[in-house]
Each structure stands twice: as structure tokens, then as C-alpha cells.
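Right, one structure below, let's go through it.
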Amino acid sequence: MTTPRTPGGAAKRLAETMAARVTRGLSGPMAHAVRTAATQGGGGQSARMAEATRLTRAGRLTEAMSVLQGTGSAPVPTMPGSFTATRAAAPTPTSGRVSRGSVDGPGGSRSYRLVVPERVQDRPPLLVMLHGGTQDADTFAAATGMDDLAEREGFLVVYPEQSRSANAMGYWNWFEPGSQGRGGEAALIAAIVTEVSAAHGVDRERVFVAGFSAGAAMAAVMGAAYPDLVAGVGIHSGLPAGAAHDVGSAFGAMRGAPYRVGATSVPTIVVHGTDDPTVAAVNGTRAVEAALADHPGCARTEERGGGGDRRSWTRERWTDRDGVVRAEHWTVHGSGHAWSGGRAGGSYTDPAGPDASAAMCEFFAGEH
């Protein structure tokens, strides 16, 4: 979409006026992105704002954001860690007990979905699963099949759910500084861990956090901010902690722009598709670098598999001198922005890929 720039400051004033219309009733990252687009220069600014206004009035916020953040005709993600999704069916109930709860804190309140298997381990492990944008606890459970693994292995799995008042599209705000330390949304997730652990006798040495997309980036934040609470993290199609500090830098990081990688002390498993159009695959490599930053000299091994009607994959592992696997990296060749090995028909799944859920459970089991 290209139109001649209006002479002088008229284009900017027109765009700012349209931005005020678009952001009416919006808040948080969406409104921030609209205002940012309005103040940036470049041809087509007014046309983009006009189209965004039309889409927003029609209730098509995802497409409006794409127009605002887009350049040329190339599609871009709609929000940090986002992907347009249709709601999947609720997960098939396991033989275990599914319950709901919520926690409150300075950052608001968050609900969660908890699965307690019928045959639970003595002092069981707890796996925290963080959904991606536009998903919720039920769709994520259905997509990953993690409930069935919890029943089979006897561990607890809890799915915190992002509040739509905190983010209208359901993205964890991993890119906001207030949620990157031991506060904000990270503190609320930690409170869920504390509540569930106390109620069900969880082994506090075996608490793990995994997620997809925006949820994966938030899982990385949890590993960096709470190494005393979290024993390991799983990052599927996500980014390492500290990759961004606002919406603009989040988009840049997702597209592969360079950023400083900090150290993450907890063992980390990463799964990423080579053809991910939403979060560039280089972010998976950077998540591994973060996990190894404080552990030089690890021995690396490599294994390859797949083929035929299955996606080929490469698994790399880095083991320290004490025999601890500090990082594991699954590269799924040809896969996009989807949970590898997920359920057919699920929300953003790639059934042809290796089973990421099983790989994560095996990795976490090996840590303890």
C-alpha cells in the first residue's frame, strides 16, 4: 500500500488523528503499536492508518495490527508471540481430575486449569504450561496432549491463563519490563506454582515451566527470574529472557534482529521449526546460548531422525562435566510456527513433527 506523502506535517497530523480513532477503547500493546505507527515517517502512513481504522471498526483487530506493523506486502505477526488461531475443541477429559483456580496479586489475578492424575506420584513433579497468544488453557491442553502424558507418568500439569484485561488477545506480556523480573505476570505465575504445590504436596525440586510462542518467551522469563523455584524450562517457538523491552523491540527480536543474550542458569530444552514465519528460528539458537552462557566447556552430541512421512529433525545436547544436560535443541526441518507432534486439528500444531511434549517430559525427568 503506497501513497504519496502529504506535504509538510499534514500526513503526520492526519495519521495521529486516525490513531486517536483506532485506539479509542484499546489499551496496552495494541494501542501502543497504533500510536507508534502514527508517529513513524514513511510513505503510505496515512493509508495504513485509514485501513487500520476500517478493520478496527469491523472488529478485525488482528488484521488491523498486521496493517500497522506491515511493510510492503510481506505478512508479519500481529503481536509479539502471536499467531491467528481458531479455537480448538476442549481437550478430551483424562481419567484424572481437572479443576480450576485463581490467584491474586499486585499484578491483578490469573486463573488456571489443573490436572491431577488418578495415579499420581508420591511428591509429584509439577509442569507449568503457558499457552500462546489467542489460545487459552483448554486449547493449549488439547493441542499438546500433555494431559495424557501427565496421567501416564503421574505428574501434575497446570495451565495458567492470561487475562484478556491484561492483554486483549491473550498474549503473555513477556516483552514488558514489569513482567520480566520477579513481579508482574511472572510473580502471578509463581503464585500459582506456590498454591498448587502447597495443596498437592509437589516436590519443589521438580517444578518445570514450558510454553509455546509468547508462552515460551514467558517460560524463559520464569527460568531467569525464578531459578530458586523453577528446575528447568521448555521453549517451543519462543525467545530467551530479555530479548525485548517493549512492543517495537519484540517485533524486531521475533524477526531475527540482534539483541544481547543474558545467561539462564536452569537447564533448557528448545524446539523450533526452521520455517517459522512468526518467530525466526535464530531465536531458538539464542535460547540455547543463554542456557550455556554460564556453563562453558559442555560436550555436544548430535542425533538426526525422521524422514518419510515424518519431518526430519536434528537434536543437539550439551552436557557439563557433572553429567547434567544443560541444553537440548530440537530443530524441526520444514516446520512452521506450530507445536511439533501436536494433535491433528489442534490450535497451531504440526502432527508430522517429533513429539515435543514427550521430548520435554523426558528432558525434565532426566534432570531429577
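For the reader, a short list of remarks on this structure follows.
- From the list 347, 340, 357, the one residue that fits, being out of contact with any strand residue (DSSP E or B) (no Cβ under 7 Å at 6 or more places or on another chain), under 21 Å from residue 232 (Cβ atoms) and crowded, with 22+ Cβ neighbours inside 10 Å, is 357.
- Listed conditions (1) within 15 Å of residue 128 (Cβ to Cβ); (2) without any contact (Cβ under 8 Å) to a residue 60 or more places away in the chain; (3) of a type in the set (Val, Ile, Thr) are all met by residue 264, apart from (1).
- Scanning segment 305-328 for residues that are in a strand (DSSP E or B) and farther than 17 Å from residue 269 by Cβ returns 306, 307, 310, 311, 312.
- Only one of 287, 365 that is part of a helix (DSSP H, G or I) and over 17 Å from residue 240 (Cβ atoms): 365
- Here residue 311 fits the description: closer than 25 Å to residue 135 by Cβ, free of Cβ contacts under 8 Å to residues at least 60 places away in the same chain and surrounded by 15 or more Cβ atoms within 10 Å (Cβ to Cβ).
- Residue within segment 137-156 that is surrounded by 21 or more Cβ atoms within 10 Å (Cβ to Cβ), in the same structural domain as residue 219 (by TED's automatic domain parsing) and assigned to a strand (DSSP E or B) present: yes
- Residues in segment 162-181 that are in contact (Cβ under 8 Å) with a residue 60 or more places away in the chain, part of a loop (DSSP other than H, G, I, E, B) and of a type outside the set (A, V, I, L, M): 167, 171, 172, 173, 174, 175, 176, 180.
- Residue match in segment 334-344 (condition: among the aliphatic types (A, V, I, L, M) and part of a helix (DSSP H, G or I)): no
- Among all residues of segment 257-266, there is at least one that is touching a strand residue (DSSP E or B) at 6+ places or on another chain (Cβ under 6 Å), assigned by TED's automatic domain parsing to the domain that holds residue 182 and part of a loop (DSSP other than H, G, I, E, B).
- In segment 142-161, the residues that are modelled with pLDDT of 95 or more form Cβ pairs under 8 Å with partners that are in a helix (DSSP H, G or I) and polar (S, T, N, Q), at six or more places apart or across chains, as follows: 144/357; 145/357; 146/357; 149/357.
- Annotation note: Cβ proximity below 9 Å between a residue of segment 115-133 that is surrounded by 22 or more Cβ atoms within 10 Å (Cβ to Cβ) and part of a strand (DSSP E or B) and a residue that is at pLDDT 95 or above and of a type in the set (S, T, N, Q) (sequence gap 6+ or interchain) occurs for 115/99; 126/197; 129/144; 130/162.
- Of all residues assigned to segment 267-279, at least one qualifies as being within 19 Å of residue 318 (Cα to Cα) and in a loop (DSSP other than H, G, I, E, B).
Each row is one residue, and each column tells you yes or no for (1) in the same structural domain as residue 245 (by TED's automatic domain parsing); (2) within 23 Å of residue 279 (Cα to Cα); (3) over 18 Å from the mean Cα position of the chain (by Cα).
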| residue | (1), (2), (3) |
| --- | --- |
| 179 | yes, yes, no |
| 187 | yes, no, no |
| 194 | yes, no, yes |
| 198 | yes, no, yes |
| 211 | yes, yes, no |
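- Pairs with Cβ under 6 Å, 6+ apart, first in segment 270-299 and touching a residue at least 40 places away in the same chain (Cβ under 8 Å), second of a type in the set (Val, Ile, Thr) and surrounded by fewer than 23 Cβ atoms within 10 Å (Cβ to Cβ): 281/274; 286/261; 289/261; 290/261
- Applying the condition of being surrounded by fewer than 24 Cβ atoms within 10 Å (Cβ to Cβ) and free of Cβ contacts under 8 Å to residues at least 60 places away in the same chain to segment 192-223 and asking which residue is farthest from residue 99 (Cα to Cα) yields 204.
The values are calculated or read from the model by the stated rules, or taken from the named source; none is laboratory data. Just so you know, these numbers come straight off a predicted model, no measurement behind them. Because the Cβ atoms are built from the backbone with ideal geometry, glycine has one as well, and the counts that use them run over all protein chains shown.
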